[in-house]
Amino acid sequence: MIEQLAGKRTKEQASTTGMVLRIERGSVYDGDGFRTVVFLKGCPLRCLWCSTPESQSFKVEHAQNCTYGQVMSVEDVMKEIRKDSCCYFHSGGGLTISGGEMLSQPDFSRELLKAAWEECINTAIETTFYAPWEAVSSLMPYVDTAFVDLKMFSKEGHKKYIGGDNSRIFDNLLKTNELEHQFRLIVRIPIIPGINDSDEELKGIGSFCTKLKHLHHVQLLPYHRLGTETYKRLGRTYPLADLMPPSAEHMTHCLSILRNYVDTVL
């Protein structure tokens, strides 16, 4: 059956290609179980703390003997995903599409998720939801878990530190309440000291999360300095060079604020 589906897709989806940054096998941090993570290239936002600057451009980049990005078809990627299919079913894992911003390549992302769905492979996406609702709604029927970054509550702060209006993100999250397909929504909040970790910011996000019908839990991610070497290879300056990760005590404080609004915060 899988061979028949693959053969059919090879013909029907040969023209559906995407710009893939890299494919990582064996991840245990991007969803349940053992997962294959497909990182897509290209993002319309510019978070000052971005740990994967090589994912921002929509074009292939070359830097210090490194090549970032390659064009792949849906079936090209599925061949890599299938290599670990036995591990998915034993561990509850599957495919995760990440970025960049995977919704910036909506057709490719949708067809890849659909292909995995047809082969009973669990699917997850990592996204900001910074895209037209049509792009979001077209692929959500093939998503088991959606990890959505909610980086700032303040509109002004979102424009300043992230490079875009967050109204679209909030609107899209609220519209997921209308979806009949059952999926887990996990809101991720990166804690960036001095930028989005004030009590006011966290209370705003917490209050908003109470409106989300499909919310499974909220996850806090402490700021880290991974990716700084990639900035150097690309000949770029890391904007937050002097910023240090938050302390364990501060993370506990942030957790305590959000737990006033959401039962499960990790």
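The table below lists the values:
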item: Residue of ILE195, ILE162, ILE81 that the Gaussian network model of the chain assigns the largest fluctuation, springs spanning Cα pairs under 10 Å; result: ILE195
item: With Cα atoms, 0 to 90° folded angle of helix 248-258 axis to the chain main axis; result: 80 degrees
item: Rg(Cα) / (2.2 N^0.38 Å) computed for the stretch 14-80, rounded to two decimals; result: 1.20
item: The chain: antiparallel DSSP beta bridges as a percent of all, rounded to 5; result: 35 percent
item: Where trypsin sites (Lys or Arg not before Pro) fall in DSSP loop in the stretch 27-102, at most 16 other Cβ within 10 Å; result: ARG46, LYS59, LYS83
item: Helix 199-209 vs. the chain, principal-axis angle (Cα, 0 to 90°, nearest 10); result: 40 degrees
item: The chain: radius of gyration and largest Cα-Cα distance (Dmax), Å; result: 18.5, 55
item: Pairwise FRET efficiency - MET244 versus LYS175, Cβ, R0 = 35 Å, nearest 0.05; result: 0.40
item: Whole-percent carbon and sulfur share, accessible surface of the chain, 1.4 Å; result: 51 percent
item: Where the stretch 126-214 is the region considered: accessible area per residue in Å², 1.4 Å probe; result: 40 Å²
item: Kirkwood Rh, angstrom, the stretch 63-105 [1 / mean 1/r, Cα pairs]; result: 12.7 Å
item: Only Lys, Arg (+1) and Asp, Glu (-1) charged, at Cβ; the chain dipole about Cα centre in debye; result: 380 debye
item: Unsatisfied cross-links (Cα-Cα over 25 Å) in the set LYS159/LYS213; LYS83/LYS175; LYS151/LYS211; LYS41/LYS160; result: LYS159/LYS213; LYS83/LYS175
item: Enclosed volume per residue, in Å³, of the convex hull spanned by Cα atoms of the stretch 116-173; result: 74 Å³
item: Where trypsin sites (Lys or Arg not before Pro) fall in DSSP loop in the stretch 224-266, at most 16 other Cβ within 10 Å; result: ARG225, ARG236, ARG259
item: Sites TRP133 and ARG25, calculated FRET efficiency, Cβ-Cβ separation with R0 30 Å, nearest 0.05; result: 0.40
item: Three semi-axes of the equivalent ellipsoid, the stretch 163-263, Cα gyration tensor, whole Å, largest first; result: 28, 19, 12
item: Qualifying aspartates and glutamates (Cα of each under 12 Å from Cα of LYS232; at least 8 residues distant if same chain); result: GLU54
item: Efficiency of FRET from Cβ geometry, CYS86 and GLU156, R₀ 35 Å, rounded to 0.05; result: 0.10
item: Expected 222 nm ellipticity per residue - DSSP helices of 4 or more, -39500 (n - 2.57), all of the chain, to 500; result: -9500 deg cm²/dmol
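The values are calculated or read from the model by the stated rules, or taken from the named source; none is laboratory data. In this text the structure is predicted, and so the values were computed from the model without any measurement. Every residue, glycine among them, receives a Cβ derived from its backbone with ideal geometry; neighbour counts consider all protein chains shown. Ligands, DNA and RNA are stripped out before the accessible areas are found, and what is left, the full protein with its side chains, is counted by its heavy atoms. Shrake-Rupley method; radii C 1.70, N 1.55, O 1.52, S 1.80 Å.
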